[in-house]
Amino acid sequence: MKILVTDDSKAMRMIVVRTLRQAGFAGLEIIEAENGQIGLSMARSEAPDLILSDWNMPEMNGIDFLRALRGSGSTTPFYFVTSEGSDEMRETAAQAGAMGLIAKPFTAEVFADALAAVV
Amino acid sequence: MITHDELEFARPDLEALLLEVLTSVFTEEAYPDDSPLPDGDLVTARLSILEEDGGSHLGVEIRTGGVLARLLAWRMFGADDPREPDLLDAVGELGNIAAGNVKSLLFHAARLSLPGARLDGAAGPIPPEGSTGGPTGDAADGRAAPVTVGAAVLGQVVRLTLIPGADPDGLTWPPTTDDELLETQP
């Protein structure tokens, strides 16, 4: 399974990748992007099976990344991994086409529960 | 603008927030600690929350000593001797996590800046609590005094400070939604 991890923080990208492995997901191919613009380009060129994206990023934020993706017809499963986990954010994410929102800080168990349906 | 009194009212929630963030990020139990920050190297992560009603800013700063910052970078990057950019990235992300949770706690409609981080506490001095203004805690120029909560993890102190009306100069912001731009994406 190919997973695109999009976050402007290299540290957070590493944590997400490590947490995916700690959650017990095996056989993963991880590709990374540092903002929504690069993520959108990689989503089109690499055809990932799952996208995990931060919300606040330079160049293109996560919600715009998702809307552009859905606007182009993509149905790739998309989850936000973000420091903001309010009900309003979750609703905005869902309305834009996200399958879910994982709030930071998170645990491997949270990842396992949230992503079990798609990984 | 959120006031000093409102932040003081939220102090127990802010303390719990800081403990939860540190415990989760370090996977070690954090505990309340109002000790001063250590002498020597300090690393500061700085963000701003812009209230969309009224347009006022709430500054959010996470500050800790170099020892914990290097521990954090080691845990994130696995490097025994992290380079400065990695150190700042790690502490910046800690600040981002804390500020995002502060935003969710205190605001309904607001924007969060991208994090900035600096070494040696060079983000600028944080005014001591109660150092500005009159008896109510409100400064003569309308800004309110900051509120700071402290905790420790792995024996190292971390302080979270919220600064009403803080100048967001130097911070960058994620782009806002531009529907016209999205419609023209190839």
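The table that follows gives values for the structure above.
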{"item": "Some residue of segment A:98-112 being in contact with a strand residue (DSSP E or B) (Cβ under 9 Å, 6 or more places away or on another chain) and more than 20 Å from B:GLY100 (Cα to Cα)", "result": "yes"}
{"item": "Residue in segment B:45-67 that is acidic (Asp, Glu) and either at the interface with chain A (Cβ under 10 Å from one of its Cβ atoms) or without any contact (Cβ under 8 Å) to a residue 12 or more places away in the chain (or both) present", "result": "no"}
{"item": "Tally of residues being facing chain A (nearest Cβ under 7 Å) and under 15 Å from B:ILE163 (Cβ atoms) across segment B:100-111", "result": "1"}
{"item": "Verdict on B:LEU119 being in contact with a strand residue (DSSP E or B) (Cβ under 9 Å, 6 or more places away or on another chain), buried (at least 22 other Cβ atoms within 10 Å of the Cβ) and at pLDDT below 95", "result": "no"}
{"item": "Matching residues in segment B:9-31 - criterion: being more than 14 Å from the chain's Cα centre (by Cα) and under 27 Å from B:ASP86 (Cα atoms)", "result": "B:GLU20, B:THR23, B:SER24, B:VAL25, B:PHE26, B:THR27, B:GLU28, B:GLU29, B:ALA30, B:TYR31"}
{"item": "Enumeration of residues in segment A:19-57 that are at pLDDT below 95, more than 14 Å from the chain's Cα centre (by Cα) and within 14 Å of another protein chain (Cβ to nearest Cβ)", "result": "A:ARG21, A:GLN22"}
{"item": "Residue within segment B:30-38 that is buried (at least 19 other Cβ atoms within 10 Å of the Cβ) and in contact with a helix residue (DSSP H, G or I) (Cβ under 9 Å, 6 or more places away or on another chain) present", "result": "yes"}
{"item": "Every residue from segment B:145-170 that is of a type outside the set (Gly, Ala, Ser), out of contact with any Leu (no Cβ under 7 Å at 6 or more places or on another chain) and either surrounded by fewer than 17 Cβ atoms within 10 Å (Cβ to Cβ) or not in a strand (DSSP E or B) (or both)", "result": "B:ASP167, B:PRO168, B:ASP169"}
{"item": "Residues satisfying the stated conditions in segment B:38-73, i.e. in a strand (DSSP E or B) and of a type in the set (A, V, I, L, M, F, W, C)", "result": "B:LEU42, B:VAL43, B:ALA45, B:LEU47, B:ILE49, B:LEU50, B:LEU58, B:VAL60, B:ILE62"}
{"item": "Members of segment B:11-37 found to be touching a strand residue (DSSP E or B) at 6+ places or on another chain (Cβ under 8 Å) and not in a helix (DSSP H, G or I), listed by number", "result": "B:GLU28, B:GLU29, B:ALA30, B:TYR31, B:PRO32, B:ASP33, B:ASP34, B:SER35, B:PRO36, B:LEU37"}
{"item": "Segment A:1-45: number of residues that are over 20 Å from A:LEU115 (Cα atoms) and touching a residue at least 12 places away in the same chain (Cβ under 8 Å)", "result": "11"}
{"item": "Among residues of segment A:66-119, those that are within 11 Å of chain B (Cβ to nearest Cβ), over 18 Å from A:PHE25 (Cα atoms), touching a residue at least 12 places away in the same chain (Cβ under 8 Å) and assigned to a helix (DSSP H, G or I), counted", "result": "8"}
{"item": "Failed item, numbered, when B:GLY59 is tested on (1) touching a helix residue (DSSP H, G or I) at 6+ places or on another chain (Cβ under 7 Å); (2) of a type in the set (Gly, Ala, Ser); (3) under 16 Å from B:PRO164 (Cα atoms)", "result": "(1)"}
{"item": "Failed condition for B:ASP80, given (1) facing chain A (nearest Cβ under 7 Å); (2) in a loop (DSSP other than H, G, I, E, B)", "result": "(1)"}
{"item": "Filter result (among the basic types (Lys, Arg) and out of contact with any Ser or Thr (no Cβ under 7 Å at 6 or more places or on another chain)) within segment A:88-119", "result": "A:ARG90"}
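The values are calculated or read from the model by the stated rules, or taken from the named source; none is laboratory data. Just so we're clear, the structure is a prediction, and the values are computed from it rather than from any experiment. Cβ: placed from backbone, ideal geometry, glycine included. Neighbour counts: every protein chain shown.
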